[in-house]
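Before any comments, here is the structure.
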Amino acid sequence: MIGDLIFVLLALLTIVPAIWVVFSPNIVHAGFALLFTLLGAAGLYAYMGADFIAITQLMVYVGGVLVLVLFTVMMTRVPHGEKRRRGLDRFVPAAVFAALTFAVLYKVITAVDWQGSAQDPQATVAVIGTNLMTAYIFPFEYVSLVLLVA
């Protein structure tokens, strides 16, 4: 019962700000709503037992990408007085894309057999860290050098 309540609260923390991101006329407010959407997604990952993905979500997206986006948005000037397209014709391409995306997602969701076995979540950070420093040390160092050059 309490687990369902936690899931519903985290889902609301993810979905409601996501809707605000889409429909917000102010881009700074949309950026801050995106912060809460990403925090909700990290909470859902942590709730599912994917602790490494939850921390990665916080560090990479909330800590890096979102801060960069907000600084960029706040430091740019948007010229005022530009004419915007009015009417419903500006929503047609987005509506078609959304309908196609919904159709594909519906097909995938209904095609998958969701009868899985419920297992207790295992901690993944220690396993990932051990594998990165033993079995996958060469690819790890190679990727770090590629990122350093980039």
Of all residues in region 1-29 being open to solvent by less than 70 Å² (accessible area, probe 1.4 Å) and at pLDDT 90 or above, which is farthest from residue 94 (Cα to Cα)?
10
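Sort through 132, 68 and tell me the only one that's closer than 30 Å to residue 21 by Cα and either β-branched (Val, Ile, Thr) or at pLDDT 85 or above (or both).
Details: 132 fails: closer than 30 Å to residue 21 by Cα.
Among 132, 68, only 68 is closer than 30 Å to residue 21 by Cα and either β-branched (Val, Ile, Thr) or at pLDDT 85 or above (or both).
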Search result, residues across region 106-135 that are among the hydrophobic types (A, V, I, L, M, F, W, C), within 26 Å of residue 56 (Cα to Cα), in a loop (DSSP other than H, G, I, E, B) and within 24 Å of the chain's Cα centre (by Cα):
123
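Residue 65 - would you say it is in a helix (DSSP H, G or I) and surrounded by fewer than 16 Cβ atoms within 10 Å (Cβ to Cβ)? Reasoning before the result, please.
Values: in a helix (DSSP H, G or I): yes; surrounded by fewer than 16 Cβ atoms within 10 Å (Cβ to Cβ): yes.
So residue 65 fits the description; yes.
From 52, 32, grab the single residue that is within 17 Å of residue 12 (Cα to Cα), part of a helix (DSSP H, G or I), hydrophobic (A, V, I, L, M, F, W, C) and at pLDDT 85 or above. I'd like the intermediate steps shown before the answer.
Values: 52 fails: within 17 Å of residue 12 (Cα to Cα).
When all the criteria are applied, what remains is 32.
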Give all pairs with beta carbons closer than 6 Å in which a residue from region 14-25 that is free of Cβ contacts under 8 Å to residues at least 40 places away in the same chain meets a residue that is open to solvent by 40 Å² or more (accessible area, probe 1.4 Å); count only pairs at least 6 apart in sequence or on separate chains.
17/36; 21/34
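Whether any residue in region 4-14 is assigned to a helix (DSSP H, G or I) and over 29 Å from residue 120 (Cα atoms) is what I want to check. Spell out how you get there, then give the answer.
Filtering region 4-14 down to residues assigned to a helix (DSSP H, G or I) leaves 4-14.
Imposing the further condition that a residue be over 29 Å from residue 120 (Cα atoms) reduces the set to none.
No: region 4-14 contains no residue that is assigned to a helix (DSSP H, G or I) and over 29 Å from residue 120 (Cα atoms).
The values are calculated or read from the model by the stated rules, or taken from the named source; none is laboratory data. This one's a predicted model, so the numbers in the text were calculated from it and none came from an experiment. Please note: Cβ atoms are built from the backbone with ideal geometry, for glycine as well, and neighbour counts cover all protein chains shown. Accessible surface areas use protein heavy atoms only, side chains included; no ligands, DNA or RNA. Shrake-Rupley method; radii C 1.70, N 1.55, O 1.52, S 1.80 Å.
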